[in-house]
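The next block holds one structure in the form of C-alpha cells; read it before the comments.
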Amino acid sequence: MDVEALIDAVIDREGRYVNHPADRGGATCWGITEAVARAEGFAGAMRDLPRAEAAAIYRRIYWLRPGFDQIARRAPAIAAELFDTGVNMGTATATAFLQRALNALNRAARDYPDIAVDRAIGPRTLSALDAFLRVRGSETVLLRAMEALQGERYIALAERRPSQEAFLYGWLANRIGQD
C-alpha cells in the first residue's frame, strides 16, 4: 500500500487554499482545516501552508494515529477507504463504519464474535478483520458496506442541512469518476 499516493490524491483533489462558505470546517489549505493545522503546530497564514507539511499532517493524523497502517497490511482497499473517509468525516467515524460493517457481515457471530463499535482500531477489530478475510476471502463486500454507510451519512447531512448538498454531490461524483 502506497500511503504517499493516497495522500497525494487527497491533496490534489482538495487543492490549495479554499474558504467555502458552506464548509463548517472553515478555511482549508490542501484539505487541512485551520483547526487541525494549528493543533499540529502550524502558525502561519493558512494560504501559506506548505504542501509537504500538509502531507506530514495527513500521514500522522489520518493514517498512523488511527492505526490505518495496520489495516493496510491486511486489506489495502479497506485501508484506503478508511483514510479517505477519515479525512472527510473523521478517523473515528471511518473506524466505526468498519466495525459496524464487520458486525453486520459476521453471519450472526458464526464467523467471529461481534466487536464493540468503539471507533478505535484495536486487537478485536484487527482480529475480526482477519477472520472476515479468512472466511470470505475478499475485502470487496466489506468495502461496499463501508461505502454504503458513508453514503447514508452524507445523505442524512444533506437532508438536515441543504447547504451540504454540494459536498454530497462531490463525494458521489468522485465515487463514479465524474465531475
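Descriptive notes on the structure:
- Residues in region 129-165 that are open to solvent by less than 60 Å² (accessible area, probe 1.4 Å) and either within 20 Å of ARG65 (Cα to Cα) or touching a residue at least 60 places away in the same chain (Cβ under 8 Å) (or both): LEU129, GLU139, LEU142, LEU143, MET146, GLU147, GLN150, GLN164.
- Of the set (1) buried (at least 20 other Cβ atoms within 10 Å of the Cβ); (2) touching a residue at least 60 places away in the same chain (Cβ under 8 Å); (3) among the polar types (S, T, N, Q), all apply to THR93 but (1).
- For first residues located in region 62-82 and touching a residue at least 12 places away in the same chain (Cβ under 8 Å) and open to solvent by less than 10 Å² (accessible area, probe 1.4 Å), partners that are outside any helix (DSSP H, G or I) and not charged (D, E, K, R) and lie 6+ apart or on another chain with Cβ distances below 8 Å form the pairs GLY67/ALA120; GLY67/ILE121; GLY67/GLY122; PHE68/ILE121; ILE71/ILE121; ALA79/MET1; LEU82/PRO66.
- If you go through region 29-61 and pick out every residue that is part of a helix (DSSP H, G or I) and either under 25 Å from ARG119 (Cα atoms) or in contact (Cβ under 8 Å) with a residue 40 or more places away in the chain (or both), you end up with 15.
The values are calculated or read from the model by the stated rules, or taken from the named source; none is laboratory data. Just so we're clear, the structure is a prediction, and the values are computed from it rather than from any experiment. Note that we place each Cβ from the backbone using ideal geometry, even for glycine, and neighbour counts take in every protein chain shown. Please note that ligands, DNA and RNA were not included when accessible areas were found on the heavy atoms of the full protein model with its side chains. Shrake-Rupley method; radii C 1.70, N 1.55, O 1.52, S 1.80 Å.
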